[in-house]
Structures are given as structure tokens and as C-alpha cells.
Amino acid sequence: MSKVDVLLGLQWGDEGKGKIVDVLAPKYDVVARFQGGPNAGHTLEFDGIKHVLHQIPSGIFREKTRNVIGNGVVLDPVIFKAEIEKLSKYNLNVKANLYISKKATLILPTHRLLDQAYEKAKGVDKIGSTLKGIGPTYQDKIGRQGLRVGDILSDRFKEKFQKLADIHFKILKDHDIQFNWDELEVQFMEAVNFLKQFNLIESEYFLNKELKEGSTILAEGAQGALLDIDFGSYPFVTSSNTVTAGACTGLGVAPRHIGEVYGIFKAYSTRVGSGPFPTELLDEQGELMRKEGNEFGSTTGRPRRCGWIDLPSLKYSIMINGVTQLLMMKADVLNIFQTIKICTKYELADGTVTEMVPYELVNEKITPIYVELKGWNTSLSEISEDSMPAELRNYIDFLEKQLGVPITLISTGPDRTQTVYRQNT
Ligand code: GDP
Ligand code: IMO
Ligand code: MG
């Protein structure tokens, strides 16, 4: 029996998952998303064109790869339809290569409105949600009143839809949210009809059959481990399990079928939305990082908060996920810095120094303790495994030693081709 390899973000999302899934996809028969929804924005770049995917797995541009939207995903038919239509000019065989779990949960227009209402009510304590309806949809799933993709095939779908929308209207009555329901409903029903033409399947059977027949599967994570509902900086998290275990529940594959776990991280840190960020740079250096890394959200366009790499957090993510290989992204963004800082420990308010992520992250004042390394200060556009600037090699060696997991890939630009494999690790 073959294995399911998992690729996931170790930080607060936007590590470059889309690029790497696309790069690795030719090695896999199947790419499967297992959680999250259109809050994700996964960017791929090749042949001079940049694509951003929200709902569709990042293997879609590879002709021979089958792509699965798993049961753990929340699916917005309206966003899905728009995304498919955007892809139509590329002559891909999307209908044949895309499979959607009947057990994936549907995002209704009212879920998006509720997201807005809840965020507004939180005031200064808002999560900084992408407002795609993620939290309210998972709430309904766990509350056992959600609608699933398979329900759209039922004669009673409209009735079920109305029943859930009515529950939402009652809540919305207490909030000042403006909307044109007729428009939203028509748009939703059109998108639901559109969705019916795709392969709606029981994806747990599909994937386990593929495994039995020897197919290789890559599970594509969304968000990052530090946004996980259980292990992230709660409540400033998303509403799903973004960690390796989420691939088992979000796809219906047993833990013993998990193979490699690719942990992907930026050579520095970013976060979008609210919540603790110990190494955040609120100065000119942070500004430089944002500019150099083009750190603006792929889904919302919001500026991303930037800071140095944070090893206590990365070690935590590696532990929770069982990472077997590390992939370091956006090394080129650090080209401009004379000195690169690495946070190796935290100092807590009472003076304690720790390498662990404390329970009280949100209200605790954390001072990062840094080690400084000399920067490489040169372009990485021509580098190979054997011709890296000594300072970059030094940075990689330092991180590997601290993290205890090999770094097998370095990304030096957004394009597919700007990827350096490290065979000799
Ligand atoms: P994802 O959500 O993890 O797929 O990441 P995003 O697509 O939201 O954000 C990553 C951004 O960095 C995208 O704009 C990518 O095109 C870009 N990117 C990916 N790898 C690299 C890299 O090595 N260097 C640079 N400069 N940009 C990169
Ligand atoms: P990808 O897959 C970065 C953040 C939001 C907010 C919090 C909760 O592209 O890495 P939600 O909409 O889930 O209720 O928002 O999580 N967030 C992300 N940040 N990348 C993402 O996805 C994100 N998805 C959600 O900014 O802080
Ligand atoms: Mg993203």
C-alpha cells in the first residue's frame, strides 16, 4: 500500500504551499485538500503567469494529477464557480481531474454575513477573519446542522437551505448587517446548480482505493499550524485542524497511511489578521521585509505583518505535525539584510527564559531572545545546491541543528523553476 504525504504550513499561513504543491505535483497521482476553505489563497507561478487558488487544490495545472476536495473542507459554491470560470481560458481538464467530497460542508451566503456580524461585535478583539464564512460554517458542522455538498442532489435541498438560512436570519436580526437577500440567494442557487456537473463522490472510498492500487497522494494543507483550532494562538486562529492529524479526519485516511510530512516555512515570519506575534517588526526593517517579500494577502490584499524567524514556534509546529522534511521558502527576501536575526528563546514577563510556547500567549508580554548571523547580501538567482553563499549555508546549518529536521528544499523566488533541491542532507 502506498502512502499519503502531507504538506503543511508551520507558521501562520502563506508560507508558499501553493507553489510547492504545484512543484511536487508531477510526483503524485493525487493532490487532496483536507481542511479550510476560501480563506486560503495559494499562489502558483509559471510561464510568467500568476494564479491564486482558494478552493481548488494546487495540483490542477498538472495534466495527470487528480485533485480532491476532501470532506474536511468547507466549500463556497459561489467562490468555487468563479474560480472554475477563471481557469476556463487555460484549457485544463478540470471536470475530469477534480473530485469533490459529498461530505464537504457548504458555506451559505448567511455564513459570510454571520462572520461579518461576529467580527463587528468583537470590536477591537476581532480575529481579523477573511470574512469568508469559515468560522460560522464549521460551527454549524460541529453543531450538527450544516449542509453538505451531497445534499445539493436531494429534492429537499431548497427546503433544507431555507431552514438553515432562517436560523441564521434570527441571529442576524440582532446585528447591523446590510444585505440584499434575493440577490445572494439567486447567486447561491446558480452556483449550486453549477456544482452539480462535477464529480461529487465519497472521497474516503476514492482515496483508499487509490492507495490500495499504489497511487501516490499528496495532502495539501491550508493556513498553518499556528492557526490550528487546538494548537494555534487561540482565539486568534482559524476553525479547523490545520495539522497532520487533520489530513486523517479531513480525508478519511488512517494514521498508518501517512508517509512524509513536509513542513514548509518562510525564512522569516509573517502573520495576517490579529493575534500574538512575538518576533513582529514594527519598524523600518518590517516595512522592508513586507516590500521585498510583497507581503500582501493573496485572499484579502491586506498587508501582512512581518518579523524574524521564530524557532520556539517552529519547534512546536514540528513536534505537533511529526515533520520529516523542512522546506524553506522566500530565502531571496532576506538578500537585502546585512544581519539576520533568529529568535531561539522567549523571555517571559517574570524573567523566565523558555524554548517552549507558553499557554498564555495572548496576554503575556514575550521578549524574543535573538542570535544574529551575518547575511549573504547577494542575489540568489543563480544558486544551486553546491554554489550557495557561505552565509546562506550557515543560516541553513544553524536552523537544521536547532530544529533537528533536514531542510531538503530552498525556494528563491515565486516561479516553479526558482527551487533548489538539497539531495545531500
Ligand atoms: P500559500 O498560502 O502558503 O500558498 O502562500 P501564498 O501564495 O499566500 O503566499 C506566498 C507568496 O510568496 C506568493 O505571492 C508566492 O508567489 C510567493 N513566493 C513563494 N515562494 C517564494 C520565494 O521563494 N520567493 C519569493 N520572493 N516569493 C515567493
Ligand atoms: P493560506 O492557506 C494566512 C487567518 C486570518 C485570520 C485567521 C482566521 O493561504 O495560508 P478565518 O477566515 O479562517 O476565520 O481567519 O486566520 N487566515 C490566514 N492567514 N493564510 C491563510 O491561508 C489564512 N486563512 C486564514 O487572517 O487571522
Ligand atoms: Mg495564502
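Table for the structure above
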{"item": "So residue 270, is it within 14 Å of ligand 1 (Cβ to nearest atom), open to solvent by less than 10 Å² (accessible area, probe 1.4 Å) and closer than 27 Å to residue 362 by Cα", "result": "yes"}
{"item": "Complete set of residues in region 273-314 that are within 16 Å of ligand 1 (Cβ to nearest atom), acidic (Asp, Glu) and touching a Leu at 6+ places or on another chain (Cβ under 9 Å)", "result": "292"}
{"item": "Tally, over region 118-157, of residues that are touching a residue at least 12 places away in the same chain (Cβ under 8 Å), of a type in the set (D, E, K, R) and part of a loop (DSSP other than H, G, I, E, B)", "result": "2"}
{"item": "Any hit, region 52-71, residues being in contact (Cβ under 8 Å) with a residue 12 or more places away in the chain, near ligand 2 (Cβ under 10 Å from one of its atoms) and among the aliphatic types (A, V, I, L, M)", "result": "yes"}
{"item": "Failed condition for residue 160, given (1) crowded, with 18+ Cβ neighbours inside 10 Å; (2) assigned to a helix (DSSP H, G or I)", "result": "(1)"}
{"item": "Residue among 288, 334, 314 that alone is part of a helix (DSSP H, G or I), under 16 Å from the mean Cα position of the chain (by Cα) and away from ligand 2 (no atom under 14 Å from the Cβ)", "result": "314"}
{"item": "Strands (runs of 3 or more DSSP E) wholly inside region 338-425 containing at least 3 residues that are open to solvent by less than 60 Å² (accessible area, probe 1.4 Å) and more than 23 Å from residue 288 (Cα to Cα)", "result": "407-411"}
{"item": "In region 311-337, residue least open to solvent (accessible area, probe 1.4 Å) [restricted to those that are free of Cβ contacts under 8 Å to residues at least 60 places away in the same chain and out of contact with any Phe, Trp or Tyr (no Cβ under 6 Å at 6 or more places or on another chain)]", "result": "337"}
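The values are calculated or read from the model by the stated rules, or taken from the named source; none is laboratory data. Not measured: the values here are computed from a predicted model. Heads up, the Cβs are rebuilt from the backbone with ideal geometry, glycines too, and the neighbour counts pull from every protein chain shown. Areas reflect the complete protein model, heavy atoms only, side chains present, ligands, DNA and RNA absent. Shrake-Rupley method; radii C 1.70, N 1.55, O 1.52, S 1.80 Å.
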